[in-house]
1. Go through the range B:182-201 and count every residue that is modelled with pLDDT of 95 or more, within 10 Å of DNA strand C (Cβ to nearest atom) and out of contact with any strand residue (DSSP E or B) (no Cβ under 7 Å at 6 or more places or on another chain).
2. Going by what's in this entry, would B:Ala30 be described as among the hydrophobic types (A, V, I, L, M, F, W, C), in contact with a Gly (Cβ under 6 Å, 6 or more places away or on another chain), farther than 30 Å from A:Tyr188 by Cα and surrounded by 16 or more Cβ atoms within 10 Å (Cβ to Cβ)?
3. Check A:Trp107 against each of (1) within 11 Å of chain B (Cβ to nearest Cβ); (2) within 19 Å of the chain's Cα centre (by Cα); (3) of a type in the set (A, V, I, L, M, F, W, C) and name the one condition it does not meet.
4. Those residues that are on the phi < 0 side of the Ramachandran plot and at the interface with chain A (Cβ under 8 Å from one of its Cβ atoms), I need them from the range B:147-165; list them, please.
5. For B:Glu122, only one of the following conditions fails: (1) within 23 Å of B:Glu31 (Cα to Cα); (2) more than 20 Å from the chain's Cα centre (by Cα); (3) within 9 Å of chain A (Cβ to nearest Cβ). What is its number?
6. At the interface with chain A (Cβ under 10 Å from one of its Cβ atoms), among the small types (Gly, Ala, Ser) and surrounded by 17 or more Cβ atoms within 10 Å (Cβ to Cβ): does that describe B:Gly99?
7. Give me the residue from the range B:1-16 that is surrounded by fewer than 20 Cβ atoms within 10 Å (Cβ to Cβ) and modelled with pLDDT of 70 or more and, out of that set, farthest from DNA strand C (Cβ to nearest atom).
8. For the range B:46-68, name all the residues that are at pLDDT 90 or above and not in a helix (DSSP H, G or I).
Protein chains: 2
Amino acid sequence: MRLRGAYNPVIRIAVIDTDSGFVTVLSKRAEVAGWQLSRSAGPVPPRDLVAMKLNGLLIDPAVLGDEAWPYLERIAAMLPELALVVCTGRSTVAQRVRGLRLGVDDWMTKPCHPEEALARIEAVARRHNHGRREVESAPLSAGELEIRPDRFQAFVGSEPLELTRREFELLYLLAEERGQVLEREKIYQRVWGYAMAHGDRSVDVFVRKLRHKLEKRSPSWAYIHTHFGIGYRFEPEPAGIVKEELRPAPAPTKTSEPRANSSSQVVHKTFTAG
Amino acid sequence: MRLRGAYNPVIRIAVIDTDSGFVTVLSKRAEVAGWQLSRSAGPVPPRDLVAMKLNGLLIDPAVLGDEAWPYLERIAAMLPELALVVCTGRSTVAQRVRGLRLGVDDWMTKPCHPEEALARIEAVARRHNHGRREVESAPLSAGELEIRPDRFQAFVGSEPLELTRREFELLYLLAEERGQVLEREKIYQRVWGYAMAHGDRSVDVFVRKLRHKLEKRSPSWAYIHTHFGIGYRFEPEPAGIVKEELRPAPAPTKTSEPRANSSSQVVHKTFTAG
DNA sequence: GCACCCGTGAAGATCCTGTGAACAGCAGGC
DNA sequence: GCCTGCTGTTCACAGGATCTTCACGGGTGC
């Protein structure tokens, strides 16, 4: 195995099932296909699933007992990217529909063939990856900035910004979607890999850190713009633009003081949207 | 409670199947869910499928005979965005795996419950929309206006209207339903996400703010029209038009004064129908 | 002419973001 | 094992931006 970036192409799936015969066969097939498969006979805490950075989860809810529905629901909500496939014994139409509406991606009935199980997981993953970006290794340029995924670092000239990993990933995501306004939830989902908890301010804090480091190395550019009530947008712009030219008539009433950059306060915002 | 997008795209699916009973029930359910469903008893040329702008296709390959595999393959290749679901009689594991690997997203076995069929299509579509850049990122044009969901903002030329989030969502909703008169309650329901309290004037206030900003950037057009006792309608019209051409006979009575824009008062209303 | 509806402006409440700092987790070095 | 530096997370506060609400008056339909 080799090191890979944050954007790893290895397919990692987990199986939660007590039918060891089925799981063993599945495991063999998965190995042939080059997938990483981990198995468990009981519920795995959602936190751990997050840490495993899974692409798919095949689960028999029967092993969860009463906790099955809440568990599935929690998983689906926390990890919307995860290919969540159920494979279980008899079930009613209502149960299947409930599961699918909850966020389960596919529902198979046992006995099911391992090959079909893999094919279905694959189909879900393919569907999911469609919208996704291709291999990311090409450096991006923006303003004075050069963002190099191969180094997990951004540079101004030859000076690195000394970004930490999360900072880099956030910057890279924003820069990839240059010009687009990204909602906080989307950002969190894509950088952290799971759903943002209500009230989490991490994205804001990291944006602040990024701005700080960006400004240190590239003071005359503004890169990250706030969109009130929505999220952030990446777009390199020469700083100091206050867009006066837009005002039809400045109408210098009385308080016509320049209002320019007072001391160290810097205008990060363009507030295109509120 | 949080803000939500107001964009509710219609889901369009097609069914290719000869089992008219099944299709009829399906069709009923789809209607209830607010989906558009079109039916066909034989193969539909891929070109036509493209033109239909479908979100999903439910198909029984049995009606295609020998052409089934190539047909499925062509569809999957031409329309990777389409949720392609098979629902057919008995099949072998090998057939199912082949189908899934070809690009079929889900494979059900008849007899299958219509509700489950819809739930599965929905599940595929949901998965698909996740990785994807917003479905509704296509900008709308109206008069001098360009409405860009990717920026949560509307522009005239390159000048943004500087709409806040709510203002934008309201404008976008109205523009999506261009030409339709929308009741206040409906508008509130879709933009705010919950039912409007009796006597709430928020919609009116936001329409006013919108008109104000629209007029600032695009003074020679009227976009939002009031329908007394009902609600509002979006339709870009060059300003100053009083719709004389609609009256059977202009019959220039006496009040033929230009009634043009007196000072700052502007006519927002067209009052086509009370 | 009379109810009712809508446009308008403003004020207060509410929500959102920037900011600084404290806290927790982890890895490496001693 | 213990200390230390680096990261990432969480919290509380303050200043603004935005949203809601209200009252008033003119407009509209009957």
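The values are calculated or read from the model by the stated rules, or taken from the named source; none is laboratory data. Remember, predicted model here, so these are calculated numbers, not experimental data. Here the Cβ is made from the backbone with ideal geometry for all residues, glycine too, and neighbour counts use every protein chain on show.
1. Number of matching residues: 1.
2. Spelling it out, it is not the case that B:Ala30 is among the hydrophobic types (A, V, I, L, M, F, W, C), in contact with a Gly (Cβ under 6 Å, 6 or more places away or on another chain), farther than 30 Å from A:Tyr188 by Cα and surrounded by 16 or more Cβ atoms within 10 Å (Cβ to Cβ).
3. Result: A:Trp107 passes all but (2).
4. B:Asp150, B:Arg151, B:Gln153, B:Glu159, B:Pro160, B:Leu163, B:Thr164, B:Arg165 - these are the residues of the range B:147-165 that are on the phi < 0 side of the Ramachandran plot and at the interface with chain A (Cβ under 8 Å from one of its Cβ atoms).
5. Failed condition: (2).
6. Considered against the rule, which asks whether it is at the interface with chain A (Cβ under 10 Å from one of its Cβ atoms), among the small types (Gly, Ala, Ser) and surrounded by 17 or more Cβ atoms within 10 Å (Cβ to Cβ), B:Gly99 comes out as yes.
7. So the residue we want is B:Arg12.
8. Within the range B:46-68, B:Gly56, B:Leu57, B:Leu58, B:Ile59, B:Asp60 qualify.
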